[in-house]
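Trainee: Here it is: the structure, laid out below.
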Amino acid sequence: MKSEIINKADKVIAKTYNRFPIVITKGKGCTLWDSDGRAYTDFVAGIAVCNLGHAHPGVVKALVKQAELLFHVSNLYYTLPQTELASWLVNNSFADRVFFCNSGAEANEAAIKLARKYFSDKGEKGRCRIIAMEKSFHGRTMATLSATGQEKIRKGFEPVLNGFDFVPFNDIEALRSKINSSTCAVLIEPIQGEGGVCCPDPEYLKGVRQICDEAKILLIFDEIQTGMGRTGKLFCYENFGIEPDIMTLAKALANGLPIGAMLTREHIAEAFVPGSHGSTFGGTPIITAASLEVVRILIKENVINYGRKTGEYFKQRLLWLKDRHESIIDVRGIGLLLGMKIKIDGDKVVKACMDKGFLINCIQGNILRFIPPLIIGKDEIDSLLECLDDLFGDVE
Ligand SMILES: *Cc1c(COP(=O)(O)O)cnc(C)c1O
């Protein structure tokens, strides 16, 4: 069955992904099973998506209940789930209003459009350029790849959209000197996920906030990967004692169902009026009902605090591993967004872990990324560490 599915898939699905040769058939909590019945402990969580693990009974129940009631009606009408999710997000963040869409890239598209429209409405049409970071990742649509500071993402799709400038992450002076009268916003991930789990210096983001205030431009945080408890707080900005003007969310917001959101303050939100922007599926009842249950569970079951403590334990264990193996260069990240830079081929380590029943992820060729469900247990972390300890021991 496995090779049949793989052969068929390789014939009919666009070749945009390098897939591992397993077929995943079901999941429960932090465990996934493949078509041969093999179990894997999941340290990928659908790339920082399934924060509550797989098949959480509360989310399943909410989804089924809404499915029996109403899937979709379009944004021509009001619905309760969308209203409730928006008010939850507003009550739990800096923001006053929410625009819903279906993915991270779309949330960033909305943020980019809003930043430009905001200044256009103020009569400052020339203020339309956005400063983004080198090594950033903001999505795969034309606008968001144009905002992405990685050559490999943009290559072959030129001309990319005009209107984006780049500076190195963590370099406050580079940012200061790049801002001019045509700059409308700074777009930044508080921790760069795809770029290699790159963390800012302690005062860097405060400095970015201050520079944006002085220049009277908008600060956009892409929290698509860092949001929803991933870094030990509901939103990553809470770790740094500052607030953005616009924030984008997606990935974990509905624990695996497609959703994106752009959050902002009232005076900026005013730039979006009927007809400015829209999305057929954005905030549709079936998805927002599930998402609403996801965010309630995050709080009710104390998942974020649990994940923060587990993350501290995990990082200590990775530092322990680093002390034992010279092929480990660096351990970084906060909460359960952890990275480990190694001297050997990361893909080989990922494959070897898979053979031992652990799914982990590698980015940028040699950075192992650990982004498990926030409900991961210490015993599961210990088992992975044992596996990694053996692997690195064998290589060395
Ligand atoms: C995943 C990701 C995106 C893109 O999200 P999609 O849902 O794949 O469009 C954008 N920004 C960051 C920081 C991400 O991690």
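Read-outs: derived from the displayed coordinates by stated rules, not from any lab. Note that the structure is predicted; figures quoted are calculated from it, not measured. Glycine also receives a Cβ, built like all others from the backbone with ideal geometry; neighbour counts cover every protein chain displayed.
Trainee: If you go through the stretch 171-204 one residue at a time, how many are part of a loop (DSSP other than H, G, I, E, B) and away from the ligand (no atom under 16 Å from the Cβ)? Outline the logic, then answer.
Mentor: Here is the first cut: in the stretch 171-204, the ones part of a loop (DSSP other than H, G, I, E, B) are 171, 179-182, 189-191, 193-197, 199-203.
Next, only the ones that are away from the ligand (no atom under 16 Å from the Cβ) stay: 171, 179-182, 201-203.
Of the residues in the stretch 171-204, 8 are part of a loop (DSSP other than H, G, I, E, B) and away from the ligand (no atom under 16 Å from the Cβ).
Trainee: Could you please let me know if residue 175 is among the aliphatic types (A, V, I, L, M) and touching a residue at least 60 places away in the same chain (Cβ under 8 Å)?
Mentor: Values: among the aliphatic types (A, V, I, L, M): yes; touching a residue at least 60 places away in the same chain (Cβ under 8 Å): no.
Criteria not met by residue 175.
Trainee: Considering only the stretch 237-275, state which residues are within 15 Å of the ligand (Cβ to nearest atom) and without any contact (Cβ under 8 Å) to a residue 60 or more places away in the chain.
Mentor: The initial filter retains those residues of the stretch 237-275 that are within 15 Å of the ligand (Cβ to nearest atom), namely 237, 244, 246-263.
Answer for the stretch 237-275, where residues must be within 15 Å of the ligand (Cβ to nearest atom) and without any contact (Cβ under 8 Å) to a residue 60 or more places away in the chain: 253, 254.
Trainee: For the stretch 351-373, give me each residue that is of a type in the set (Gly, Ala, Ser) and either surrounded by 17 or more Cβ atoms within 10 Å (Cβ to Cβ) or under 17 Å from residue 318 (Cβ atoms) (or both). Before the answer, list the steps.
Mentor: So the first thing to find is which residues in the stretch 351-373 are of a type in the set (Gly, Ala, Ser), and the list is 352, 357, 365.
Result: 352, single match.
Trainee: Which numbered condition in (1) within 30 Å of residue 87 (Cβ to Cβ); (2) surrounded by fewer than 17 Cβ atoms within 10 Å (Cβ to Cβ); (3) hydroxyl-bearing (Ser, Thr, Tyr) is the only one that residue 383 fails?
Mentor: Status for residue 383: all satisfied but (1).
Trainee: Then there's this: How many of the residues in the stretch 323-367 are on the phi > 0 side of the Ramachandran plot and touching a residue at least 40 places away in the same chain (Cβ under 8 Å)?
Mentor: Of all residues in the stretch 323-367, those on the phi > 0 side of the Ramachandran plot come to 333, 335, 357, 364-365.
Adding the requirement that they be touching a residue at least 40 places away in the same chain (Cβ under 8 Å) leaves 333, 335, 357, 364.
Matching residues across the stretch 323-367 total 4.
Trainee: Looking only at the stretch 86-112, which residues are in a helix (DSSP H, G or I) and either closer than 13 Å to residue 140 by Cβ or within 16 Å of the ligand (Cβ to nearest atom) (or both)?
Mentor: Step one: list which residues in the stretch 86-112 are in a helix (DSSP H, G or I), which gives 86-91, 104-112.
Across the stretch 86-112, the qualifying residues are 104, 105, 106, 107, 108, 109, 110, 111, 112.
Trainee: For the condition within 20 Å of the chain's Cα centre (by Cα), farther than 27 Å from residue 384 by Cα, of a type outside the set (Gly, Ala, Ser) and surrounded by fewer than 20 Cβ atoms within 10 Å (Cβ to Cβ), what is the one hit in 73, 60, 90, 12? Full working, then the answer.
Mentor: Values: 73 fails: within 20 Å of the chain's Cα centre (by Cα); 60 fails: within 20 Å of the chain's Cα centre (by Cα); 12 fails: within 20 Å of the chain's Cα centre (by Cα).
Of 73, 60, 90, 12, the one residue that is within 20 Å of the chain's Cα centre (by Cα), farther than 27 Å from residue 384 by Cα, of a type outside the set (Gly, Ala, Ser) and surrounded by fewer than 20 Cβ atoms within 10 Å (Cβ to Cβ) is 90.
Trainee: Give the stretch 131-170 a look and list any residue that's of a type in the set (A, V, I, L, M) and within 14 Å of the ligand (Cβ to nearest atom), or say none.
Mentor: Here is the first cut: in the stretch 131-170, the residues of a type in the set (A, V, I, L, M) are 131-133, 142-143, 145, 147, 153, 160-161, 167.
Matches in the stretch 131-170: 132, 133, 142, 143, 145, 147, 153.
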